[in-house]
Amino acid sequence: MKMLAANLKLLREQHELTQKQVADALNIERSTYTYYERGRTLPTFATIYKLSKIFKVSIDALAGVSLPSAVSQPEGEQIYGGDDDGILFQEPSLPPIYRVKSPLASLPDEEKGLLLKFRQLSAEKKEELLQQLDKCLEDLDME
C-alpha cells in the first residue's frame, strides 16, 4: 500500500496536477484522494483502474508490482509506453514511471481536467464524444 501511495503522489506531481484536479476527475472529495496518497486508505479496484487511465500507466506500475517481461529486451534497456505515446527506452534501474515527464504538465488546468476525464472513458465512449465534438465544431463553422 505504501508503494501505491508514493506512486500516486509521484505521478500526480509529474503531471503537474493538484490533488483537487485528480479528485475531481475521479468524482471524489479531495480529502479522500489525499488519504490514498498518504496510504491511510486504499482505493477500490475501480478507482485504481481509473487512476491508471488518468496517469497512463499500467495497474502493475501504479501499484509498484514488478512482473517478468513476456518479451525479452536488449540488456540494459526496457521498452515502456502505450500505443499512442510512442515507445520510450528506459534504463532498468528504476521503474519507468519514475522518469516519464507528462505532456499534460504544460497544459492549462481546464485542458488537464478535460483530458483526465477523457482518459477514463471506454474506447466506445471516446469515439462517441469525439463525434459530438466534431458536430459542435461544424455547427460553429456554419455560424
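The values are calculated or read from the model by the stated rules, or taken from the named source; none is laboratory data. These figures come from a predicted structure and were not determined experimentally. Every residue, glycine among them, receives a Cβ derived from its backbone with ideal geometry; neighbour counts consider all protein chains shown. Note: areas computed on protein heavy atoms with side chains; ligands, DNA, RNA excluded. Shrake-Rupley method; radii C 1.70, N 1.55, O 1.52, S 1.80 Å.
Could you check region 15-68 and list, in sequence order, the residues that are small (Gly, Ala, Ser), out of contact with any Leu (no Cβ under 6 Å at 6 or more places or on another chain) and more than 16 Å from residue 115 (Cβ to Cβ)?
Those that are small (Gly, Ala, Ser), out of contact with any Leu (no Cβ under 6 Å at 6 or more places or on another chain) and more than 16 Å from residue 115 (Cβ to Cβ): 31, 39, 46, 58, 61, 64, 66.
Output the number of the condition that residue 11 fails; it satisfies all remaining conditions of (1) open to solvent by 10 Å² or more (accessible area, probe 1.4 Å); (2) modelled with pLDDT under 95; (3) out of contact with any strand residue (DSSP E or B) (no Cβ under 9 Å at 6 or more places or on another chain).
(1)
From 20, 50, grab the single residue that is part of a helix (DSSP H, G or I), crowded, with 17+ Cβ neighbours inside 10 Å, modelled with pLDDT of 80 or more and of a type in the set (Lys, Arg).
Of 20, 50, the one residue that is part of a helix (DSSP H, G or I), crowded, with 17+ Cβ neighbours inside 10 Å, modelled with pLDDT of 80 or more and of a type in the set (Lys, Arg) is 50.
Which of the residues spanning region 105-127 are within 22 Å of residue 58 (Cα to Cα) and in a loop (DSSP other than H, G, I, E, B)?
Scanning region 105-127 gives 120, 121, 122.
Return the residues of region 53-77 that are modelled with pLDDT of 85 or more and in contact with a strand residue (DSSP E or B) (Cβ under 6 Å, 6 or more places away or on another chain); say none if nothing qualifies.
Those that are modelled with pLDDT of 85 or more and in contact with a strand residue (DSSP E or B) (Cβ under 6 Å, 6 or more places away or on another chain): none in region 53-77.
Keeping to region 103-131, report how many residues are open to solvent by less than 100 Å² (accessible area, probe 1.4 Å) and farther than 27 Å from residue 11 by Cβ.
1
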